[in-house]
Structures are given as C-alpha cells and as structure tokens.
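> Let me begin by handing over the structure; questions about it come next.
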Amino acid sequence: MNYDRFKDFVLKYKLYHIPFWLGYHLVWLTINIGSLSEVYDYLRYSDSSPKFYFYVIFQLIGVYFNLYYLIPKLLYVGRYFSYALAVLGTILVCNAFITSGYFFATLTSGKTLFELFGVYPNQVSKIYFVWALPSTVASMTLAMSIKLGKNWLQTEKKRLRLEKEHLETELKYLKSQINPHFLFNTINSIFALIHKNPDLASESLANFSDMLRYQLYECNDEKIVLDKELDFIENFIDLEKLRLDQGHTKMQFDIQNHTTQKKTIAPFILIPFLENAFKHVSKGKGQQNFIQMELEANDRLLQLNIINSKSVNGQPSKDVSESSGIGLKNVSRRLKLLYPESHSLAIENQNDRFSVILKLEWQKN
C-alpha cells in the first residue's frame with residue numbers, strides 16, 4: 001500500500017481519531033497519577049486499571065453518537081431543545097456505564113471497592129458525579145467543539161469561495177457591459193466624421209484600431225500598468241475631440257503622472273466618466289459649453305476631477321439618460337468590488353453642470 005492509498009484509507013475510516021483519543025486519555029491519567037512511567041505501571045500492573053478502559057470505550061460511544069447522530073438529526077435541523085435533552089441523556093447513560101467500570105475492576109481483582117478506590121458502595125454518587133461525570137462532560141464538550149468548529153470553518157471557506165466566484169462573475173459581467181458601451185459610442189463618433197471630414201475619419205479609425213487592440217489583448221488581467229491606461233485615455237480624448245465642435249466647446253485636459261513606482265489599476269475604471277462627459281456635454285450655441293478634466297497620480301493615490309456643462313433648455317432624451325445611468329452605475333459597482341475600502345466617489349448633478357471627483361488609493365500588489 002503506497003502513501004497516498006494509506007492516507008486515503010486513514011481519512012476514509014477516520015483512523016486519525018485513535019491517536020487523538022489515546023493522547024487525550026493519557027493526559028487525563030498523567031494529570032491524576034503523575035509521570036508517564038507511572039501511567040505505564042498503572043495500566044500494566046494496577047488492579048484498578050480496567051475502569052480506565054470503561055472511560056475510553058463509553059466516552060467514545062457517547063462522543064460519536066453525539067457527533068454522527070444527534071448533531072445531524074437534531075441540532076442541524078433546528079430541534080435545539082430535543083438536542084439538549086438527548087445530549088444530557090447520552091452523558092448520563094454513558095457515565096453510568098463508566099461508573100460500573102469501578103465495580104467491574106473489583107470483580108476482576110477480587111478486592112473490595114474500598115481497597116481499590118477508597119470508597120464504599122454506598123458512595124457510588126461520589127464516583128458518578130465527582131470522578132466520572134467531569135471527565136465525560138469534558139470529552140463530549142471537546143469533541144463537540146472540534147466538530148462544530150471544523151464544520152463552521154468548512155462552511156465559511158465554502159461561503160468565501162462562492163462569494164469570490166460570485167464577485168468574479170459579477171465583475172466580468174460589469175466589464176462586459178462597459179466595453180460594448182464604449183465601442184458603441186466610439187463607432188458612432190467615427191461614423192459622424194465620415195461625411196464631414198474623411199481624412200479625420202481615417203485618422204480616427206487608425207486611432208480606434210490601436211485602442212481596440214489594447215482593449216482586446218492587453219487589458220484582460222484584473223490589473224494593468226497605469227501608464228498603459230493613461231495612454232489609452234489620451235487616445236480616447238483625442239478621438240472624442242475630433243467629434244466635437246471645438247469652436248463651441250471649450251476643452252481642457254490635464255494628465256499628470258508623478259508616480260515613482262510601478263502602479264497598476266483596474267482596466268476601464270476611469271473611461272466611463274470621460275465617456276459620460278463627452279456624450280452628455282451641452283452643445284447649445286447660446287450657452288457656455290465645456291469639459292474640464294484633471295487627473296493626477298502620485299505614490300499615494302490617483303485623483304480624477306471631471307466637470308462638463310449640461311443643456312439648460314429641456315431634459316435630455318430618455319435613451320441618453322438611461323445609457324448614462326447604466327455606465328455610471330456599472331463603474332460605481334466595479335469600484336465597490338475592486339476598491340471597497342480604498343476609494344471615494346462624489347458625483348454632483350447640478351442644473352447646468354455635471355461633476356465627478358474620484359479618489360483611488362493604491363493597493364498593495
């Protein structure tokens with residue numbers, strides 16, 4: 001039998017319980033008798049040693065009856081009062097058999113109860129309640145604590161694994177919603193340029209090709225290098241600026257990366273805020289139209305400030321409102337999942353402007 005088969009055999013039949021219980025009872029004997037050598041002499045030569053085996057056998061019967069019958073049948077199904085009564089009855093019955101071990105030792109040795117243990121038969125209550133009961137209760141309590149603790153750890157481990165799988169699935173779903181949303185807006189921007197300026201449309205299409213390559217092949221990991229994400233943002237801004245009439249819209253973009261260490265960030269965590277600003281900036285000629293963005297990164301955090309003007313005449317269309325809401329809700333959810341304790345997001349929707357302030361504290365890789 002090789003090691004793996006032997007290990008499986010031991011685990012299947014729970015043979016590892018044997019050394020545990022031997023060690024447990026030897027500790028009890030050592031505390032009551034003295035040294036290990038004295039315990040050895042007691043078990044081999046003492047006439048009173050048979051009662052020890054009654055402790056071992058009937059405490060194990062009580063323990064495993066509790067672990068593999070009472071707990072599954074009563075405790076786990078919520079029958080708490082019935083379980084408490086059943087455990088109490090099990091302890092009392094097993095303790096009665098353990099007490100009988102003292103009398104069995106007198107029969108096998110030919111000596112009296114007083115000669116072996118220093119008590120008379122009418123003092124059986126002392127054996128039952130003072131000597132045997134504490135040990136029986138201790139063994140039941142220890143075994144039950146280990147069993148329930150082990151089950152709790154397994155349940156908690158399973159819960160954490162399922163929660164992690166759920167979060168990973170949700171993150172993939174949210175990201176899958178963000179990416180087509182971005183593609184849809186960008187393709188619409190290029191389509192709008194085709195008839196106005198074919199040369200600019202060709203230039204923007206090449207730019208878009210680089211961005212798409214980045215999106216498909218370089219940002220499939222949970223985190224990517226900050227520099228690459230900032231390059232993508234700059235390309236996105238250049239593409240969107242071609243679509244807008246800069247004569248009627250004032251645009252100011254400032255990206256500063258002062259990090260001295262290699263920082264990473266979740267891909268496309270910033271783009272939805274820029275998309276929202278470009279898509280919903282006001283375009284009326286009778287008002288001031290603007291987009292302002294400041295992005296600064298240092299070794300402690302990244303801060304993004306975006307302000308865009310809004311149309312003051314009437315409400316935006318239903319499609320515009322819904323698409324904007326989906327994008328911001330998704331990115332807000334991603335931030336909560338990826339940066340639960342290390343981000344702050346403030347969004348203000350005023351009558352004439354929309355502003356976003358995002359702060360991300362760098363996490364340890």
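> Once you keep just the Cα pairs under 8 angstrom separated by 6 or more residues, what percentage relative contact order results for the range 80-215?
16 percent
> Taking the chain as the reference, fit the longest principal axis to its C-alpha atoms, fit the long axis of helix 50-65 to the helix C-alpha atoms, and give the angle between the two in degrees, 0 to 90, nearest 10.
Value to nearest ten degrees: 30.
> Here's a follow-up. Per residue and in cubic angstrom, what volume does the convex hull of the Cα atoms of the range 52-98 have?
Taking the convex hull of the Cα positions in the range 52-98, it is 44 Å³ per residue.
> Have a look at Gly110, Tyr214, Phe268 and report the one farthest towards the positive end of the charge dipole of the chain, computed about the Cα centre with Cβ charges (Lys/Arg +1, Asp/Glu -1).
Final value for the positive-end residue is Gly110.
> Spin-label point model (7 Å from Cα, Cβ direction): what's the Val27 to Asn197 distance in nm?
8.1 nm
> Can you tell me what percent of all Cα-Cα pairs in the range 1-123 are more than 24 Å apart?
46 percent
> Additional query: For the chain, what value does the Rg/Rh ratio take when both radii are computed over Cα atoms and Rh is the Kirkwood radius, given to two decimals?
Value, to two decimals: 1.35.
> For the chain, give the magnitude of the charge dipole about the Cα centre (Cβ charges: +1 Lys/Arg, -1 Asp/Glu; no others), in debye to the nearest 20.
Using only the charged Cβ atoms, the result is roughly 1360 debye.
> Mind ordering 335-344, 229-238 by average Cβ neighbours within 10 Å, highest first?
Top to bottom by mean Cβ count within 10 Å: 229-238, 335-344.
> Find how much the distance from Asn2 to Lys285 grows on full extension, using 0.36 nm per residue of separation minus their present alpha carbon separation; answer in nm with one decimal.
93.5 nm
> Turning to a different aspect of this structure: Taking Cα atoms, how many degrees apart are the long axis of helix 80-109 and the longest axis of the chain, rounded to 10 and kept between 0 and 90?
Its long axis makes an angle of about 30 degrees.
> Determine Rg/Rh for the range 51-162; Rg is computed over alpha-carbon atoms and Rh is the Kirkwood hydrodynamic estimate from the same atoms.
Rounded to two decimals, Rg/Rh equals 1.13.
> Compute the normalised compactness of the range 1-59: alpha-carbon radius of gyration over 2.2 N^0.38 Å, N being the residue count.
My calculation over the Cα atoms of the range 1-59 gives 1.44.
> Moving on to the next point. Multiply the residue separation of Tyr45 and Leu153 by 0.36 nm, subtract the distance between their alpha-carbon atoms, and state the gained length in nm to one decimal.
Contour length minus the Cα-Cα distance gives 34.5 nm.
> Would you work out the relative contact order for the chain, in percent, from Cα pairs under 8 angstrom that are 6 or more residues apart?
11 percent
> Which of Tyr80, Tyr120, Asn66 sits farthest toward the positive end of the charge dipole of the chain, with +1 on the Cβ of Lys and Arg and -1 on the Cβ of Asp and Glu?
Tyr120
> Which angle between 0 and 90 degrees, to the nearest 10, do you get for helix 133-196 versus the longest principal axis of the chain when only C-alpha atoms count?
It is inclined by approximately 10 degrees.
> Working out 0.36 nm times the residue gap between Tyr68 and Thr259, then minus their Cα-Cα distance, what length gain in nm do you get to one decimal?
Using 0.36 nm per residue and subtracting the Cα-Cα distance, I get 62.9 nm.
> Give Lys196/Lys283; Lys263/Lys310; Lys158/Lys359 a once-over and call out the pairs whose C-alpha atoms are over 23 Å from each other.
Violating the 23 Å Cα-Cα cut-off are Lys263/Lys310; Lys158/Lys359.
> Can you pull the percent of the range 109-238's accessible area that's carbon plus sulfur, 1.4 Å probe, other chains left in place?
60 percent
> Hey, what D do you get for the range 138-297 in µm²/s if you plug the Kirkwood alpha-carbon radius into Stokes-Einstein at 4 °C and 1.567 mPa s?
So the translational diffusion coefficient is about 68 µm²/s.
> Moving on to the next point. Skip the ligands, DNA and RNA, and give the accessible area per residue of the chain with a 1.4 Å probe, whole Å².
Ligands and nucleic acids excluded, the result is 60 Å² per residue.
> Which order do peptides 291-304, 247-260 fall in by mean Cβ count within 10 Å, highest first?
Sorting 291-304, 247-260 by mean packing, highest first, produces 291-304, 247-260.
> Of Phe6, Asn349, Leu337, which is farthest along the charge dipole of the chain in the positive direction, counting Lys and Arg as +1 and Asp and Glu as -1 at C-beta?
My answer, from the dipole projection, is Phe6.
The values are calculated or read from the model by the stated rules, or taken from the named source; none is laboratory data. It should be emphasised that the depicted structure is a prediction, and the values quoted were computed from it without experimental measurement. Glycine gets a Cβ as well: all are built from the backbone with ideal geometry, and neighbour counts include every protein chain shown. To get the accessible areas, we keep the full protein, side chains included, count just its heavy atoms, and leave off ligands, DNA and RNA. Shrake-Rupley method; radii C 1.70, N 1.55, O 1.52, S 1.80 Å.
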